[in-house]
1. Go through the range 40-55 and give me each residue that's among the polar types (S, T, N, Q) and surrounded by fewer than 10 Cβ atoms within 10 Å (Cβ to Cβ).
2. Just give me the residues in the range 56-70 being modelled with pLDDT of 90 or more and surrounded by 12 or more Cβ atoms within 10 Å (Cβ to Cβ), in sequence order.
Amino acid sequence: MSKDRVWGYWKPQIRSSRRNGPTAGTDNGIVEETLNVQQEKQEIRLLAYQLWIERGCPLGTPEVDWFEAEEKLAAKTRADSQTSTILNAAKVVGSALGSAASLVNSMTGLISGGKTSE
């Protein structure tokens with residue numbers, strides 16, 4: 001029996017690195033998602049702090065600024081997502097129209113005997 005097998009299961013390979021510490025077969029997708037969540041929380045933190053300062057630094061209501069910061073960033077993300085969807089659609093439609101126009105132009109040249117009107 002292999003040393004890597006323990007009671008019918010495979011032992012996770014534990015790797016150690018100075019930067020990240022021990023990891024047990026981590027997936028890059030999970031690491032990236034964790035980093036994105038941390039970055040998102042930092043953005044919320046900074047915006048909440050800015051909103052708190054704008055409100056005059058009142059005591060005892062940090063959740064007001066936190067929830068408002070979350071909502072503002074979520075709205076910005078939704079707007080960015082919609083904008084990118086519209087831009088992608090425009091690129092696809094524009095590309096298709098450009099291809100169709102090119103095809104029509106080349107067919108017109110064939111029909112007119114290679115003469116182009118200038």
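1. Those that are among the polar types (S, T, N, Q) and surrounded by fewer than 10 Cβ atoms within 10 Å (Cβ to Cβ): none in the range 40-55.
2. Result: Val64, Asp65, Trp66, Phe67, Glu68, Ala69, Glu70.
The values are calculated or read from the model by the stated rules, or taken from the named source; none is laboratory data. As the structure is a computational prediction, the values presented were derived from the model and not from experiment. In this analysis, Cβ positions are derived from the backbone assuming ideal geometry, glycine residues included, and neighbour counts consider all displayed protein chains.
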